[in-house]
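Structure record follows, encoded as structure tokens.
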Amino acid sequence: MSEFFIDYGLFFAKTMTIVVAAVLVIAAGVMASRRSRVLEKLEVKKLNDKFEFMQKLLQSHTLPKKQWKKVAKADKARKKLEQKQKQPDSRKQVFVLDFHGDIKATAAISLREEITAILTMAKPEDEVVVRLDNSGGIVHEHGLAASQLRRLRDAKIPLTVAVDKVAASGGYMMACVANKIIAAPFAVIGSIGVLAQLPNFNTLLNRHGVEFEQETAGEYKRTITMFGKNTEKERAKLREQIEEMHDLFKDFIIQHRPQLDLDQVATGEHWYGTRALQLELVDALQTSDDYLLAKSKDADIYEISYSAKKTVTEKLLSSIELAWERFGLRRV
């Protein structure tokens with residue numbers, strides 16, 4: 001009888017362990033789904049309010065007290081009158097996006113959602129301004145980011161790209177999609193070229209008696225490699241692929257900015273804003289700050305930002321993938 005109770009107790013303990021584990025797994029799944037919803041958000045800030053607050057704060061500290069009261073009173077009366085006279089949707093809307101580039105153009109994930117949100121309500125008389133800071137990276141990643149901007153052009157929404165620091169290589173691929181490009185005088189512009197680089201450890205491996213074997217199906221499944229001995233035929237094929245990619249890059253540029261002299265600007269060189277204007281790589285010299293402040297006089301300016309935080313596992317995998325791609329993929 002005692003053996004029965006012992007066996008039953010063990011069976012009950014195992015069953016309860018499985019049940020508790022199942023409950024914990026389900027609870028973890030529910031919490032994870034809730035957490036993912038919380039971590040994903042779209043923020044909207046009205047920049048007109050920011051500019052107005054800064055102006056009033058400065059006036060309150062610099063104007064004589066009586067004059068400041070008069071200004072505040074007059075401003076309050078003006079706002080009241082505007083509210084009465086204002087017609088629905090009477091003012092133009094300007095949507096501002098920020099794109100901070102990296103080698104993989106990871107900001108394209110947020111850009112996609114931000115543009116989707118804008119397209120749900122933007123009208124042809126509105127405008128989108130992208131403050132772009134991007135020195136290029138992997139070809140297909142930046143191609144996708146440029147395609148996201150193209151969605152605005154296809155929807156007939158005017159697009160302005162503002163470059164305060166750099167729009168080079170893949171960054172310029174994105175910028176050229178715009179109806180208008182403005183740049184600060186010392187912003188870095190251009191670098192219309194393609195780069196492929198790869199370290200080769202074959203000599204080092206041979207020195208230590210390490211053999212490297214690689215089998216492929218398809219003559220050019222792999223051209224140059226990090227660990228094997230590279231041949232001139234493989235190098236020639238890689239150069240051919242790079243030239244083809246450069247031709248596609250130039251075709252994309254000229255499609256959006258037909259006024260450019262590609263023989264002059266598609267050499268892989270970069271130029272500062274002033275010279276870029278002369279070469280017609282940009283349309284005007286102006287900082288994004290001046291551009292938006294001027295627009296705020298007769299338009300409502302909204303800064304749009306989408307964010308979705310990654311899990312620890314996603315961050316780790318992303319770092320490993322990025323480190324690997326730094327070695328081998330072609331870049332613009």
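What the table shows:
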read-out	value
Tabulated pairs, region 139-159, first over 24 Å from Asp102 (Cβ atoms), second among the charged types (D, E, K, R), C-beta under 8 angstrom, 6+ apart or interchain	Ile157/Lys123; Ile157/Asp126; Ile157/Glu127; Pro158/Asp126; Pro158/Glu127; Pro158/Lys180
Failed item in (1) surrounded by 10 or more Cβ atoms within 10 Å (Cβ to Cβ); (2) modelled with pLDDT of 85 or more; (3) in a helix (DSSP H, G or I), with His61 passing the rest	(1)
Filtered residue count, region 239-262, keeping only those that are among the aliphatic types (A, V, I, L, M), within 15 Å of Ala175 (Cβ to Cβ) and touching a residue at least 12 places away in the same chain (Cβ under 8 Å)	2
Residue match in region 29-46 (condition: among the β-branched types (Val, Ile, Thr), modelled with pLDDT of 75 or more and part of a helix (DSSP H, G or I))	no
The listed residue being aliphatic (A, V, I, L, M), in contact with a helix residue (DSSP H, G or I) (Cβ under 9 Å, 6 or more places away or on another chain) and either more than 30 Å from Arg150 (Cβ to Cβ) or surrounded by fewer than 11 Cβ atoms within 10 Å (Cβ to Cβ) (or both), out of Val188, Val210	Val210
Tally, over region 226-246, of residues that are out of contact with any helix residue (DSSP H, G or I) (no Cβ under 8 Å at 6 or more places or on another chain) and farther than 18 Å from His140 by Cβ	9
Helices (runs of 4 or more DSSP H) completely within region 179-281 that count 2 or more residues being closer than 30 Å to Pro124 by Cβ and either more than 30 Å from the chain's Cα centre (by Cα) or at pLDDT 90 or above (or both)	232-256, 273-278
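The values are calculated or read from the model by the stated rules, or taken from the named source; none is laboratory data. Computed from a prediction, not measured in an experiment: that's the story for all the values here. All Cβ positions, glycine included, derive from the backbone under ideal geometry; neighbour counts span all protein chains shown.
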